[in-house]
Amino acid sequence: MSRIGKKILSAFVETTDTKKEQSPENGPGPGNNGTLNGNGGNDSRTGNGAPATDAPEPRPSASSANPRFVEYFDKLFSEANIPGPDYYEFSRMIGAMQAIPDEQARFYAAYAGLQVQGLDKEKLLSTAGEYLRMLAADAGHFQATVDTALQEKVQRRTAEAQEKTERIRALSQEILDLQTQITALQQEIGENKQKIEASSGGYAAESDARKARIEADMEKIRHYIH
């Protein structure tokens, strides 16, 4: 598995061999590299790229996904933030205006606040599209990593278990020892497969939620802002 692939998947599951595994708390990934919030990490910026001390909190995810996926996508959006005011800052400002009950008023207020910094409707929609394309590209990288992980940690282990089964038939004196190894391998296969499938499902759910939210925002921008 490539270093980039391991870095992506390690945000959600352990990808090293059993003897070299790190705990999720100590492994690489967004969980230990900082989070997207109003006063932490390197993501809190104003429209002109300068650090901000009171940047608005991001809107909460529409799904009930594992917080690690929410954190991963927050960091992904933060690192992909386009210089200058754009959809990213617009979305965060909307999230900071939840006290305003009227949604159209929130959208217009956020737009008006960023318009003075050079944001216009065309740029707002085009940069929202850029974040959609970023999500699609990241999903492609993640799926490739999942496929590699399945090959390394499930299919390869399955083949090894089959080989040892054949050895049992040929070498009767090794039956008990080999049966123990097969049992351990089958347990490892099941655990790794469950981790990978759970991560893939959680990733897809959060990605779809982010995509749906951006698409809904884009439609509301077209409707609300004139």
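A few points about this structure:
- Region 197-218, subset more than 18 Å from Y88 (Cβ to Cβ) and acidic (D, E), residue nearest to the chain's Cα centre (by Cα): D208
- I182 vs. criteria over 29 Å from the mean Cα position of the chain (by Cα) and β-branched (V, I, T): yes
- Looking only at residues of region 181-224 that are among the polar types (S, T, N, Q) and touching a residue at least 24 places away in the same chain (Cβ under 8 Å), we find that the one that is farthest from A105 (Cα to Cα) is Q186.
- Answer residue from region 148-167, given it is without any contact (Cβ under 8 Å) to a residue 12 or more places away in the chain and either within 38 Å of the chain's Cα centre (by Cα) or open to solvent by less than 40 Å² (accessible area, probe 1.4 Å) (or both) and is farthest from R68 (Cα to Cα) among those: E163
- Which numbered condition L178 fails, given (1) open to solvent by less than 80 Å² (accessible area, probe 1.4 Å); (2) without any contact (Cβ under 8 Å) to a residue 12 or more places away in the chain: (2)
- Complete set of residues in region 74-90 that are small (G, A, S) and open to solvent by less than 10 Å² (accessible area, probe 1.4 Å): none
- When the residues of region 100-147 are filtered to those that are aromatic (F, W, Y) and over 30 Å from I189 (Cβ atoms), the one that is surrounded by the fewest Cβ atoms within 10 Å (Cβ to Cβ) is Y108.
- Residue match in region 37-47 (condition: modelled with pLDDT of 90 or more, of a type outside the set (D, E), out of contact with any strand residue (DSSP E or B) (no Cβ under 8 Å at 6 or more places or on another chain) and more than 30 Å from Q194 (Cβ to Cβ)): no
The values are calculated or read from the model by the stated rules, or taken from the named source; none is laboratory data. These numbers were taken from a predicted model, which means no experiment stands behind them. Quick reminder, even Gly has a Cβ in these numbers, built from the backbone with ideal geometry, and neighbours come from all protein chains shown. Note: areas computed on protein heavy atoms with side chains; ligands, DNA, RNA excluded. Shrake-Rupley method; radii C 1.70, N 1.55, O 1.52, S 1.80 Å.
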